[in-house]
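Scroll down for the structure; my scribbles are underneath it.
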Amino acid sequence: MINQYEFKSIIQRVSLSPTAHNTQPFRWGLNNNIIKMTIDSKRKLPIADPSDHDLWISAGCIGLGLKIELNDRGLKVSDIKIEEDGITYVVSEESELNHEMRDLSASVEKRYCHRDIYKKKTSFDKNDLSVLDSKNSSFIKDSKVIKKIAKAHDKSTYFFLKKEEYFKELCMWLRLRQKSENYHWDGINLCSMGFNFLEKFFAKYVMSPKVFSFLKMISLGEVITAEASKVATSSGLMAIHIDTEASNLEAGEVFYKKWLEMTALGYTGSPLSTLIDHPKYNKKCREWFNIPSNHKLINILKVGPTDLLNQPKRCRLPIEKIIED
Ligand SMILES: Cc1cc2nc3c(=O)[nH]c(=O)nc-3n(C[C@H](O)[C@H](O)[C@H](O)COP(=O)(O)O)c2cc1C
């Protein structure tokens, strides 16, 4: 049904789905109509994600990515088996095109993680708001509240960054030297960090565990990692949430879907995960965004207009490294 050539082009686009720290831990194999995804455990985040929560959210994102690609080709996932080391997808033919998926497909390449400031503000029309503020999302556009949440994000981020092991693990996924082989492959590189010229220059000195320990000691750690002024340039913040009973896999699908939907409207963003990971700030966000009591927060995305001129190159592993024979 799917030949190897087509499989490669499917997986190439599926791999554009977001993964936490851009670790891209998923490997792919094809056997007739069965697609097997396995998790490369060396690419897990044992310190930042000890319970594999973000790993399965990321798996949900690529799951939706796969469904979108199959739909484009008149195929669908007809069965799914979740195992400890990955997921088996049974693929079958589908005579009816799913139009919602087709619309999402148009945004797969355009979507990206925008960590820079937003150079322009935008006002949202009715159509935008019906996407940004919906059953699975709550939206804030009051600039005072955005500033307050941006500051809270700095606090929650520093709570994690000041832990030595957390910082060391993060550094393993930062690509600070443009000459390194994997600069455009995985992790988060200087071009996608949204840094200005000076920040880019100093990043390779500051983002090292030894220097950061010193900065912490002289109480400069929080100041140096603060990004509230960047977050505050957002035109809005979208909290994405789902029924408490939903699995992380389902939550990941909703997270990616909302990100693609806002891309289709001409917006871009990036997640503010530490707000969700920190119990105190998670609780505060529930109040600020007025999250229904039977829903859990998946993430919060900052929202602003897409800046095509400054869009960083998407960093992905070469296809040969993610497809298994
Ligand atoms: C579960 C999850 C959590 C994420 N959390 C953050 C985050 O806190 N901050 C951030 O800048 N990006 C975050 N990201 C975005 C990824 O780092 C990003 O998608 C990845 O680097 C690939 O880049 P791209 O989205 O531009 O393709 C997260 C992504 C996922 C799937």
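Observations
- 3J(HN,Hα) along the range 55-67, derived from phi through the Karplus expression 6.51 cos²θ - 1.76 cosθ + 1.60 where θ = phi - 60°, amounts to 4, 6, 5, 4, 5, x, 4, 5, x, 5, x, 5, 4 Hz, with x in place of Gly and Pro.
- Across the range 161-276, C-alpha contacts under 8 Å between residues 6 or more apart give a mean separation that, scaled by the residue count, equals a relative contact order of 16 percent.
- Global geometry of the range 126-310, whether rounded, prolate or oblate, following the gyration tensor of its Cα atoms and the 1.5 cut on a/c: prolate
- Estimated FRET transfer efficiency when R0 is 41 angstrom, pair CYS171-LYS126 (beta carbons, to 0.05): 0.40
- The range 11-117 shape via C-alpha gyration tensor axes, a/c threshold 1.5: oblate
- Short-range pairs are left out: with C-alpha atoms under 8 Å and at least six residues apart, the relative contact order of the range 4-111 is 29 percent.
- Percentage relative contact order, the chain, counting C-alpha pairs under 8 Å, at least six apart: 26 percent
- Reducing the range 200-229 and the range 258-325 to their Cα centroids gives an inter-centroid distance of 24 Å.
- In this structure, the amide hydrogen of ARG175, modeled 1.01 Å from its nitrogen in the peptide plane, lies closer than 5 angstrom to those of ILE188, ASN189, LEU190, counting only residues at least 5 positions away or on a different chain.
- Using θ = phi - 60° in the Karplus curve 6.51 cos²θ - 1.76 cosθ + 1.60, the 3J(HN,Hα) couplings for the range 79-92 round to 8, 9, 10, 9, 10, 5, 9, x, 9, 9, 10, 8, 10, 9 Hz; x is entered for Gly and Pro.
- The amide H of SER270, built 1.01 Å from its N in the peptide plane, has HIS114, LYS302 as neighbours under 5 Å, considering only residues 5 or more places off or on other chains.
- Rounded to 5, the percent of DSSP beta bridges in the chain classed as antiparallel: 90 percent
- Here is how the number arises for the chain: DSSP H runs of 4 or more residues each give -39500 (n - 2.57), the sum is divided by the residue count, and the result at 222 nm is -12500 deg cm²/dmol.
- Placing unit charges on each Cβ (+1 for Lys and Arg, -1 for Asp and Glu) gives the range 31-70 a dipole about its Cα centre, and among TRP56, LEU45, ASN31 the Cα reaching farthest toward its positive end belongs to ASN31.
Any read-out appearing in this document is the output of simple, stated calculations on the displayed coordinates, not a laboratory observation. Quick caveat: nothing in here was measured; it's all calculated off a predicted structure. Cβ: placed from backbone, ideal geometry, glycine included. Neighbour counts: every protein chain shown.
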